[in-house]
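This report concerns only the one structure given below.
None of the figures in this text is laboratory data; all of them are computed from the coordinates on show. Computed from a prediction, not measured in an experiment: that's the story for all the values here. Because the Cβ atoms are built from the backbone with ideal geometry, glycine has one as well, and the counts that use them run over all protein chains shown.
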Amino acid sequence: MTSDTALASLEFAVTPHPSAATAAERDRLLADPVFGTVFTDHMVQITWTEGEGWHDALVQPYAPLSLDPAAAVLHYGQEIFEGIKAYRHADGSIHTFRPDQNARRMQRSAHRLALPELPVEHFVQSLRALIAVDGAWVPSGADQSLYLRPFMFASEPFLGVRPAHEVSYLVIASPVGAYFKGGAKPVSIWLSEEYARAGKGGTGAAKTGGNYAASLLPQAEAYGQGCDQVVFLDNERNVEELGGMNIVFVRRDGTLVTPASDSILEGITRASLLQLARDRGHAVEQRPVSLDEWRAGVASGDIVEAFACGTAAVVAPIGALKGHDFTDQQPLGELALSLREELTDIQYGRREDRHGWLVRLDA
Ligand SMILES: *Cc1c(COP(=O)(O)O)cnc(C)c1O
């Protein structure tokens, strides 16, 4: 299903929104957006069919989709998505962060879900095409950004079970402020013992809606236990990740340790934070981390910090781990927040981008 040979530039046909938000309406919506509730005027849509491959690249007014009730995604969940942000720099220019990484991850997710792979170039072009019409929606306030949500699903109306022959790729965009109001407050984590998010050979390494669907009940259990987030274990009681964020531990000697597993989603935020830590001289270990190692490390003082990370929240220090019969308060250190500051400084253009991670979208 690889279509990386189809590298011809896509021509996007643009249909402007007939009643786009006025500047005043937009300013009001950008003032204090609640995560994932406000959307820009337009969306991108590209269609794939078995016969024609990727075609009909459109920028259209943001609007509800018309979907056949037999569309395969509604029955069998053949769907994947991505999450990436656009940042406004002080000079007004608009940049995104490592989009090639998101594009490649979406290809890996597509492979696992038997969906067609969108060429990396087309992925980046789709972000540019949306920013070309909706660039004014990239906010300029502190910690604000435009969250871009590319996604792909089986739109073919067919109740038989096989990979769909018609697939839709869309990009929508949502202005967002700081994920956690009042700064990066430590989050409390509920240890899910009953439920797993993924398993060996499953879809844990793919960014697919089904993994999230499976995490909602344990997440609700976490809320019921007074916790903010849930952490999942694998069958050998190794730590995997939160429902939508990776986890990193800091040891007393400065080593960062993070789970390596085929059943977790490889975060680009995590990879970038680990690179910044390596640049500072920290050792980094990616290997299985058992729950016992985590708990014993906190008890002995060998683990001095734990944090969660992902595009939406960037970095969230972990303040407590709660299970059925214990609560481990977590030590809080300075590394998580210092790495968070360095990463966001790069993203917002306040610090040199020495790895060449930024890609300008508005030029
Ligand atoms: C998206 C996601 C992450 C974080 O990935 P980033 O690329 O850092 O945003 C972590 N875990 C899961 C399950 C995810 O879906």
(message) Which residue is nearest to Arg98 (Cα to Cα), if the candidates are limited to region 114-155 and must be of a type in the set (Asp, Glu) and touching a helix residue (DSSP H, G or I) at 6+ places or on another chain (Cβ under 9 Å)?
(response) Glu121
(request) Would you confirm whether any residue within region 85-100 is in a helix (DSSP H, G or I), out of contact with any Lys or Arg (no Cβ under 9 Å at 6 or more places or on another chain), within 16 Å of the ligand (Cβ to nearest atom) and under 29 Å from Cys309 (Cα atoms)? (result) yes
(message) Looking for something surrounded by fewer than 18 Cβ atoms within 10 Å (Cβ to Cβ) and over 21 Å from the mean Cα position of the chain (by Cα) - is there at least one such residue anywhere in region 303-312?
(response) no
(request) Any chance you could count how many residues in region 202-234 are farther than 26 Å from Arg108 by Cα, surrounded by fewer than 17 Cβ atoms within 10 Å (Cβ to Cβ) and either in contact (Cβ under 8 Å) with a residue 24 or more places away in the chain or within 15 Å of the ligand (Cβ to nearest atom) (or both)? (result) 3
(message) Against the condition without any contact (Cβ under 8 Å) to a residue 24 or more places away in the chain and either surrounded by fewer than 21 Cβ atoms within 10 Å (Cβ to Cβ) or closer than 29 Å to Ala316 by Cα (or both), how does Gly160 come out, does it pass?
(response) yes
(request) Only one of these is in contact with a Gly (Cβ under 8 Å, 6 or more places away or on another chain), within 30 Å of Arg26 (Cβ to Cβ) and crowded, with 18+ Cβ neighbours inside 10 Å: Ser174, Ser188. Name it. (result) Ser174
(request) Kindly indicate the residue of region 77-126 that is under 15 Å from Met152 (Cα atoms) and of a type in the set (S, T, N, Q) and also nearest to the chain's Cα centre (by Cα) among those meeting that condition. (result) Asn102
(request) Pull up region 264-302, narrow it to residues that are surrounded by fewer than 21 Cβ atoms within 10 Å (Cβ to Cβ) and of a type in the set (A, V, I, L, M, F, W, C), then point me to the one that is farthest from the ligand (Cβ to nearest atom). (result) Ala299
